[in-house]
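Notes follow the structure.
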Amino acid sequence: MSDRPKKKAEAIETWNFVFPNQSNPYGNMFGGELLAIMDSTAAMAAIRYSGKTVSTASSERVIFKHPIFVGDRIKTIAKVVLVGKSSMMVRTDVFVDKGESGGDDSKDILSTTAHFTLVAFDEKRVPTEVPELIIETEKEHKHHELAQQIKNHVKRREERIKHVVEKWG
Ligand SMILES: CC(C)(COP(=O)(O)OP(=O)(O)OC[C@H]1O[C@@H](n2cnc3c(N)ncnc32)[C@H](O)[C@@H]1OP(=O)(O)O)[C@@H](O)C(=O)NCCC(=O)NCCS
């Protein structure tokens with residue numbers, strides 16, 4: 001049996017106003033700006049979970065479902081949903097806030113979802129073990145299962161394209 005400590009993950013939430021300098025020429029939010037916010041929120045979630053410094057190793061399945069416009073308020077929620085030995089997959093969702101009065105979250109629109117994998121480091125920047133994840137709620141089980149499927153899919157994809165990567169870099 002593993003002697004790794006077990007831990008529940010907390011959801012980290014950041015809020016942003018979308019300014020004109022974050023938009024593309026057509027008036028909606030530039031994807032690179034949005035990804036920076038998402039990556040940074042995912043890193044906060046991974047740091048809070050592991051108690052270590054972290055770096056992003058990859059991002060997977062970035063789905064821009066709904067555009068975000070200048071002047072929108074966006075809420076980014078990140079939570080560790082799957083862990084390996086030193087890696088953590090963090091599901092990150094961005095919502096456009098529509099709760100004009102009193103913050104009615106049910107009106108929020110899910111705009112973008114991505115899964116970032118972050119690695120925890122020790123003081124020498126060597127990947128180091130993170131706690132085992134406690135999964136309790138139905139939503140946590142669903143998000144964990146999806147993350148596991150994404151991880152399996154990435155592994156299969158990397159195997160399939162290995163010979164091409166070896167040839168072309
Ligand atoms: C991420 C990084 C530390 C991995 O280094 P590495 O030598 O491959 O490390 P390891 O082989 O020991 O792997 C460590 C963990 O990272 C995971 N990992 C490595 N590369 C990965 C990738 N591309 N995608 C997902 N996970 C990855 C491994 O599966 C392993 O997970 P586990 O411990 O849970 O099993 C290294 O590639 C790096 O420093 N990259 C640059 C990070 C960076 O600058 N990010 C942008 C700014 S934050």
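The values are calculated or read from the model by the stated rules, or taken from the named source; none is laboratory data. As the structure is a prediction and not an experimental result, all values here were calculated from the model. Note: ideal-geometry Cβ built from the backbone for every residue, glycine included; neighbour counts use all protein chains shown. All accessible areas refer to the heavy atoms of the entire protein, side chains included, with ligands and DNA or RNA removed. Shrake-Rupley method; radii C 1.70, N 1.55, O 1.52, S 1.80 Å.
Below are the figures for this structure:
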read-out: Angle in degrees between helix 31-50 and the longest Cα principal axis of the chain, rounded to the nearest 10; value: 50
read-out: Cut-off 14 Å, label 7 Å out along Cα→Cβ of Phe17, residues of the stretch 74-95 by amide N; value: 74
read-out: Mean residue ellipticity (222 nm) of the chain, computed from DSSP H runs ≥ 4 via -39,500 (n - 2.57), nearest 500; value: -10500 deg cm²/dmol
read-out: Dipole axis of the chain (+1 Lys, Arg; -1 Asp, Glu on Cβ), positive-most option in Pro127, Met38, Leu110; value: Pro127
read-out: Label point 7 Å beyond Cα of Phe64 along Cβ direction - residues of the stretch 116-147 with amide nitrogen under 18 Å; value: 116
read-out: Fraction of accessible area attributable to carbon and sulfur, the chain (%, probe 1.4 Å); value: 55
read-out: Reachable lysines from Lys8, criterion Cα separation under 17 angstrom, eight or more residues apart if same chain; value: Lys52, Lys79, Lys85, Lys139, Lys142
read-out: Cβ-placed point charges (K, R +1; D, E -1), dipole of the stretch 6-168 about Cα centre in debye, nearest 20; value: 640
read-out: 1.4 Å probe accessible area per residue over the chain, in Å²; value: 61
read-out: Relative contact order computed over the chain (Cα-Cα under 8 Å; 6+ residues apart), in percent; value: 26
read-out: Dimensions (Å) - the chain, Cα atoms, principal axes, largest first; value: 50, 43, 32
read-out: Folded to 0 to 90 degrees: helix 138-168 orientation relative to the chain principal axis, Cα; value: 70
